[in-house]
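First the structure, in the form of structure tokens, and then the observations on it.
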Amino acid sequence: MRLLLVEDDRMIGASLREALREQGHAVDWVYDANAATAALAGERFDLVLLDLGLPALAAMALSREAGGLAVLRTLRDRGDATPVIVVTARDATGDRVTGLDAGADDYLVKPFEMDELNARIRAVMRRQAGRAAPVLAHAGVTLDPATREVTKDGAPVLLSAREFAVLEALMQRPGAVLTRAQLEDRVYGWGDAVESNAVSVYVHQLRRKLGADFIRSMRGVGYFL
Ligand code: CA
């Protein structure tokens, strides 16, 4: 998935970005409310991890709201339903309530364990997709976002993190054509070097492991299941 991480603390942000990348996510990281609002206005993300305790936007300082809350309100005021998990300090109960009321999908209290963050990301994405069952299934292939296990006809299939990311994107919307650019977005964050033909290579590997017909090409457009 492509995640936007909004965190002004450089040490926390760096370790979060690293841990999220290890889960196979493409992570873009911004440090303040202005950059977050600009990123969300210009690009599409699968999920936002939003620290509420950000330096406030100068123009919004009058409202006395935390900078993160202003980002969330701006997003929802635009009608953008991108899932948002807010992160707050331990003693800020009021912030958590305000954050949920302002349209956050869930919250975490610092400090938190990565296992809990990963579980909450999966839960939010399940609700977003309106799926009751956490395991994706299509044409004999199953993908479990929680355990990251993939099977074909019941037998386990080993995938790299990026192969998994491409497959997950396609299995979330069976039948929908995803362009190479959309798939690259799911696999790479800003600043990652994107090898040309990278997506074609991952699709080739997936076909080798899951069957030549599992992923179809739409010539010049992209791929679909
Ligand atoms: Ca902060």
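The values are calculated or read from the model by the stated rules, or taken from the named source; none is laboratory data. Bear in mind that the values here come from a model prediction, so they are computed numbers and not experimental data. Note: ideal-geometry Cβ built from the backbone for every residue, glycine included; neighbour counts use all protein chains shown. Remember, those area values only see protein heavy atoms, side chains included, never the ligands or the DNA or RNA. Shrake-Rupley method; radii C 1.70, N 1.55, O 1.52, S 1.80 Å.
Residues in segment 145-161 that are in contact with a Lys or Arg (Cβ under 9 Å, 6 or more places away or on another chain) and at pLDDT below 90: Pro145, Ala146, Ala161.
Quickly run through segment 141-166 and pick out the residues that are of a type outside the set (A, V, I, L, M) and touching a residue at least 24 places away in the same chain (Cβ under 8 Å). Can you show your working first?
Our first condition is that a residue be of a type outside the set (A, V, I, L, M); within segment 141-166, this holds for 142, 144-145, 147-149, 151-154, 156, 160, 162-164.
Correct list: Arg148, Lys152, Ser160, Arg162, Glu163, Phe164.
Working only within segment 101-125, note down all residues that are in contact (Cβ under 8 Å) with a residue 12 or more places away in the chain and either over 27 Å from Gly24 (Cα atoms) or of a type in the set (D, E, K, R) (or both). Within segment 101-125, Ala102, Asp105, Asp106, Lys110, Arg120, Arg122 meet the criteria. Considering segment 89-148, the qualifying strands (runs of 3 or more DSSP E), each wholly inside and each with 1 or more residues that are outside the structural domain of Glu163 (by TED's automatic domain parsing) and closer than 25 Å to Gly79 by Cβ, run over 106-109.
Restricting segment 19-46 to residues that are more than 23 Å from Val187 (Cβ to Cβ) and not aliphatic (A, V, I, L, M) leaves a set whose member that is least open to solvent (accessible area, probe 1.4 Å) is Thr37.
Here is a check on your reading of the model: is Asp105 more than 14 Å from the ligand (Cβ to nearest atom) and either modelled with pLDDT of 90 or more or buried (at least 20 other Cβ atoms within 10 Å of the Cβ) (or both)? So Asp105 passes the test.
Taken across segment 51-69, residues that are modelled with pLDDT of 90 or more and either hydroxyl-bearing (Ser, Thr, Tyr) or open to solvent by 40 Å² or more (accessible area, probe 1.4 Å) (or both) do not occur at all. Residues that are more than 12 Å from the chain's Cα centre (by Cα) and under 18 Å from Ala146 (Cα atoms) within segment 1-34 comprise Ala19, Glu22, listed in sequence order.
Given the criteria farther than 22 Å from Ala129 by Cβ and either free of Cβ contacts under 8 Å to residues at least 12 places away in the same chain or surrounded by fewer than 20 Cβ atoms within 10 Å (Cβ to Cβ) (or both), does Pro174 qualify?
Values: farther than 22 Å from Ala129 by Cβ: no; either free of Cβ contacts under 8 Å to residues at least 12 places away in the same chain or surrounded by fewer than 20 Cβ atoms within 10 Å (Cβ to Cβ) (or both): yes.
It is false that Pro174 is farther than 22 Å from Ala129 by Cβ and either free of Cβ contacts under 8 Å to residues at least 12 places away in the same chain or surrounded by fewer than 20 Cβ atoms within 10 Å (Cβ to Cβ) (or both).
Within segment 83-94, the residues that satisfy the criterion of being of a type outside the set (S, T, N, Q) and either more than 14 Å from Leu54 (Cβ to Cβ) or surrounded by fewer than 20 Cβ atoms within 10 Å (Cβ to Cβ) (or both) are Pro83, Ile85, Ala89, Arg90, Asp91, Ala92, Gly94.
The single condition from (1) away from the ligand (no atom under 12 Å from the Cβ); (2) in contact (Cβ under 8 Å) with a residue 12 or more places away in the chain; (3) over 17 Å from the mean Cα position of the chain (by Cα) that Leu54 fails is (1). The residue that is modelled with the highest pLDDT, among those in segment 25-49 that are under 18 Å from Gln128 (Cβ atoms) and not in a strand (DSSP E or B), is Leu40. The residues of segment 177-224 that are open to solvent by 60 Å² or more (accessible area, probe 1.4 Å), part of a strand (DSSP E or B) and within 13 Å of Leu167 (Cα to Cα) amount to a single one, Arg216.
Considering segment 6-18, the residues that are assigned to a helix (DSSP H, G or I) and loosely packed, with under 15 Cβ neighbours inside 10 Å include one that is farthest from the ligand (Cβ to nearest atom), namely Glu18.
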